[in-house]
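Here, each number is a calculation from the coordinates, and none is a lab measurement. Here the structure is a predicted model, which means the values were calculated and not measured. With ideal geometry, Cβ positions are generated from the backbone for all residues, glycine too; neighbour counts draw on all protein chains shown.
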Amino acid sequence: MRKIPVFLVLILIVLWLYTSWYWYTCKIKWFCSIGKITPTIQEQQDIADTSDTQETAIPAAVSEAQPVEATPVVVEVAEPDPEPVAVEEADPEPIVCDDILSKAISLWGNNNEGEVRRLETFLNESEWESLDVDGRYGQDDFDAVKRFQVKHRAEILDPWDISNPTGYVFTTTIKKINEIHCNK
């Protein structure tokens, strides 16, 4: 008989913890919107539909105008070039940039080797580090991430009210690395 109220209390505690975590990370810190780069296909279709349905009004003076007699015009036509070249400029495709990091990386975590390789390659290319791209998150990688965090303190450390770099690749560090990778 006593097990049911205890079970309900545990469920309520779990729900409260999840909603408070969600509210803080998604609504306050905006971390849930990290991966949103381009509008969805449905949003793009809605934008196209609204632009197609706009009506253009014709002024009454134009629609009721009297016909005007046309005067003949003589136009001299030059001979065309022997090989005319038609150049059509197509609308450029929108560039979609994929994030290079998506998971947290730490010294003692079970890190994804591919994720660590992408981090090491990014730091070598963008931050002029000389790390071994071996897929293991070691002390050299840790120190390079610390230098990166200090360099971008306002975007990485300040939102957490942290004064010293951590060396851990977490939410704000991942976000800044993806922004730099995609030139945002």
Completion exercise
R136 and W108 label points (each 7 Å along its Cα→Cβ direction) are spaced in nm at 1.9
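Place the peptides 169-179, 7-17, 114-124, 155-165 in order of packing, highest mean first, counting for every residue the other Cβ atoms within 10 Å and averaging per peptide. Could you put the intermediate results ahead of the total?
Numbers: 169-179: 20.3, 7-17: 10.0, 114-124: 18.6, 155-165: 13.8.
Result, highest mean first: 169-179, 114-124, 155-165, 7-17.
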Fill in the blank from the handout: For region 99-184, the percent of all C-alpha pairs falling in each 5 Å bin, from 0 up to the bin holding the max distance, is 3, 16, 29, 29, 17, 6, 0
Problem - FRET efficiency, V9 to E155 (Cβ-Cβ, R0 45 Å, nearest 0.05) - result: 0.65
Handout entry: Ranked K3, K151, criterion: other C-beta atoms within 10 Å, fewest first
Key = K3, K151
